[in-house]
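Quick notes on the structure that follows.
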Amino acid sequence: MIIDAHCHIWEEELMSEELRKIILDICARKDFDPSQLFNATVERLIREMDEAGIDKTVIVGIDYGFLFRGKVPYKGYNDYVANLIQEYPDRLIGLAGIDPRRGKEGIQELDRCMNELGMRGVKLWPQTGFFPDDYSYYPFYERAQELGAIILCHTGAPPPGTYLKYCHPVNLDKVAIDFPDLKIIMAHVGNPWISEALSVATKNFNIYFDISGWEGQFKFAPVALMQTLAQAKLGCGIKKVLFGSDWPLFTPIVSLKEWVEGIKKLKLPPPLKLMGLPELNKEEKEMILGENAANIYNI
Ligand SMILES: [Zn+2]
């Protein structure tokens, strides 16, 4: 089974003006065609999943309301994600977008998303201005743990116009220790704080990470991708590594199909062999591509 553990879906009306500008800025810097990034409809996603042989995809809501105005309130974004997972129950898994600064209201929304809308967890976007390990969010994590909600948290360099200092992988260390039954996934292996992310995943049995957003490394710096995976094998273990794409943001570089096929064909480049790093075997690649996510989401 192949599972994409991190993917976005939107229509233009879900975007604040600020998010639109961020996407246009990414396109200008990387010379991407903006229409590829704005066209993130479910029809396109399902078509590209089929082409790539992806069985299931985790789609996320985002609560960006503390930083950006947003045309649709965050609960409306969650309703939008919920409608899509109800439309494609065998293909899509939903995570709610809730900012823990919403306090009691956020906990109620978590309850609603998990119990009424069929979501499986929550996406955190700390780059809008919060440290995930602040004690004031402990009631939120307490409830998430009780509900069996999976936490997917952005780690690593965030988009322009959002705050970098909140995005260190180590900000999840205390949460993982204080909520041992909570499963936490660090998005993007905390890039560029990769060794920090690997350390956090190695010392905490309940912390995982996804390789979404690494399509550029795959295409232009494969040594960096392979080094990260080989170090994961030696440290936290391959069971902590989840395939992800951050679709549609990197489709101008690598299609979903190329990304999946690329993982299947990964080979250790000669410089890494010289460093004594290990090759990944077929079983380990299958774990990354889907088995690990299936275990976390109980599929
Ligand atoms: Zn993302």
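The values are calculated or read from the model by the stated rules, or taken from the named source; none is laboratory data. Nothing here was measured: the structure is a model prediction, and the numbers come from that model. All Cβ positions, even for glycine, are placed from backbone atoms using ideal geometry, and neighbour counts span all protein chains on display.
Brief remarks on what is shown
- Listed by position, the helices (runs of 4 or more DSSP H) enclosed by the stretch 1-97 that each have at least 3 residues that are more than 16 Å from the ligand (Cβ to nearest atom) and either crowded, with 17+ Cβ neighbours inside 10 Å or among the charged types (D, E, K, R) (or both) are 17-30, 42-52, 74-87.
- Filter result (in a loop (DSSP other than H, G, I, E, B) and without any contact (Cβ under 8 Å) to a residue 40 or more places away in the chain) within the stretch 167-178: His168
- Scanning the stretch 245-260 for residues that are among the hydroxyl-bearing types (Ser, Thr, Tyr) and within 15 Å of the ligand (Cβ to nearest atom) yields a total of 2.
- Selected residue (criterion: nearest to the ligand (Cβ to nearest atom)) from residues of the stretch 168-209 that are touching a helix residue (DSSP H, G or I) at 6+ places or on another chain (Cβ under 7 Å) and aromatic (Phe, Trp, Tyr): Phe209
- Entry remark, the stretch 106-137: residues being of a type in the set (Gly, Ala, Ser), surrounded by 14 or more Cβ atoms within 10 Å (Cβ to Cβ) and either free of Cβ contacts under 8 Å to residues at least 12 places away in the same chain or assigned to a helix (DSSP H, G or I) (or both) number 1 in total.
- Single unsatisfied condition, Phe140 versus (1) over 18 Å from Asn298 (Cα atoms); (2) touching a Cys at 6+ places or on another chain (Cβ under 9 Å); (3) crowded, with 21+ Cβ neighbours inside 10 Å: (2)
- Checked against the criterion of being closer than 24 Å to Asn295 by Cβ and in contact with a His (Cβ under 7 Å, 6 or more places away or on another chain), the candidates Leu147, Leu117, Leu152, Leu110 yield just one match: Leu152.
- Any hit, the stretch 232-246, residues being of a type in the set (Lys, Arg), in contact (Cβ under 8 Å) with a residue 24 or more places away in the chain and more than 27 Å from Leu45 (Cα to Cα): yes
- Selection status of Phe209, crowded, with 19+ Cβ neighbours inside 10 Å and at pLDDT below 95: no
- Yes/no for Ser212 being away from the ligand (no atom under 16 Å from the Cβ) and of a type in the set (Ser, Thr, Tyr): no
- Just one of the numbered conditions (1) under 27 Å from Pro34 (Cβ atoms); (2) out of contact with any Leu (no Cβ under 7 Å at 6 or more places or on another chain) is not true of Pro271: (1).
- Flag for Lys257 being modelled with pLDDT of 95 or more, charged (D, E, K, R) and crowded, with 17+ Cβ neighbours inside 10 Å: no
- Of all residues in the stretch 87-119, exactly one satisfies the criterion of being of a type in the set (A, V, I, L, M, F, W, C) and more than 25 Å from Thr57 (Cβ to Cβ), namely Ile107.
- Sole residue being within 16 Å of the ligand (Cβ to nearest atom) and over 23 Å from Tyr297 (Cβ atoms), chosen from Pro222, Pro159: Pro159
- When Thr57 is tested against (1) under 30 Å from Met287 (Cβ atoms); (2) modelled with pLDDT under 85; (3) of a type in the set (Val, Ile, Thr), just one condition goes unmet, and that condition is (2).
- Single residue of Leu266, Leu280 found to be in contact (Cβ under 8 Å) with a residue 12 or more places away in the chain, closer than 14 Å to Trp214 by Cβ and either surrounded by 18 or more Cβ atoms within 10 Å (Cβ to Cβ) or within 16 Å of the ligand (Cβ to nearest atom) (or both): Leu266
- Residues (in a loop (DSSP other than H, G, I, E, B) and either under 26 Å from Leu37 (Cα atoms) or hydrophobic (A, V, I, L, M, F, W, C) (or both)) located in the stretch 144-164: Ala149, Thr155, Gly156, Ala157, Pro158, Pro159, Pro160, Gly161, Thr162, Tyr163, Leu164
- Total residues in the stretch 181-195 satisfying the condition of being farther than 19 Å from Ile296 by Cβ and surrounded by fewer than 19 Cβ atoms within 10 Å (Cβ to Cβ): the figure is 2.
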